[in-house]
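The values are calculated or read from the model by the stated rules, or taken from the named source; none is laboratory data. Please read all numbers here as calculations on a predicted model, not as lab measurements. Using ideal geometry, Cβ is built from the backbone for each residue, glycine included, and neighbour counts are taken over all protein chains shown. To get the accessible areas, we keep the full protein, side chains included, count just its heavy atoms, and leave off ligands, DNA and RNA. Shrake-Rupley method; radii C 1.70, N 1.55, O 1.52, S 1.80 Å.
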Amino acid sequence: FAGVTAMKLWSPYYDDLAVKTTLENIANEDTTKSLGPNEIRQTINKRLQVNQVELSKDDVLIKKEDGVIKIDIIYERRVPMYGNIDAMVKFNHSATINARGA
């Protein structure tokens, strides 16, 4: 039981690792400071396509104000477990980028 459960939950956690890594990489790049919110969202989605991970527009929240870019990625995944029982896992990542001087 525990082994099957772990195998079924592995996929969303593995995908989340790709999301977390992508967000960290984008936050550490100097070129991100000069991008607008839509360009940042497109860059995130392009990088996640390599891992076959899709996020909707509502999952990626980007605010750019007063020289600071705040990126929040909040999403959930539903995983069929046993019969009519599903597991829902929620993920939340954020990054703050100081865009002053860009």
Out of 73, 69, sole residue that is open to solvent by less than 90 Å² (accessible area, probe 1.4 Å), among the aliphatic types (A, V, I, L, M) and over 19 Å from residue 16 (Cα atoms): 69
Output for segment 1-35, where each listed residue is more than 19 Å from residue 67 (Cα to Cα) and surrounded by fewer than 11 Cβ atoms within 10 Å (Cβ to Cβ): 1, 2, 3, 4, 6, 7
Residues that are open to solvent by less than 40 Å² (accessible area, probe 1.4 Å), farther than 27 Å from residue 100 by Cβ and outside any loop (DSSP other than H, G, I, E, B), drawn from segment 36-58: 48
Checking residue 68 against (1) within 17 Å of residue 99 (Cα to Cα); (2) out of contact with any strand residue (DSSP E or B) (no Cβ under 9 Å at 6 or more places or on another chain), the condition it does not meet: (2)
Residue tally, condition under 19 Å from residue 12 (Cβ atoms), surrounded by 13 or more Cβ atoms within 10 Å (Cβ to Cβ) and among the β-branched types (Val, Ile, Thr), over segment 76-102: 2
First in segment 17-32 and under 14 Å from residue 53 (Cβ atoms), second anywhere and among the basic types (Lys, Arg) and outside any helix (DSSP H, G or I), Cβ under 8 Å, 6 or more apart: none
Segment 73-102: number of residues that are under 20 Å from residue 25 (Cα atoms) and not β-branched (Val, Ile, Thr): 11
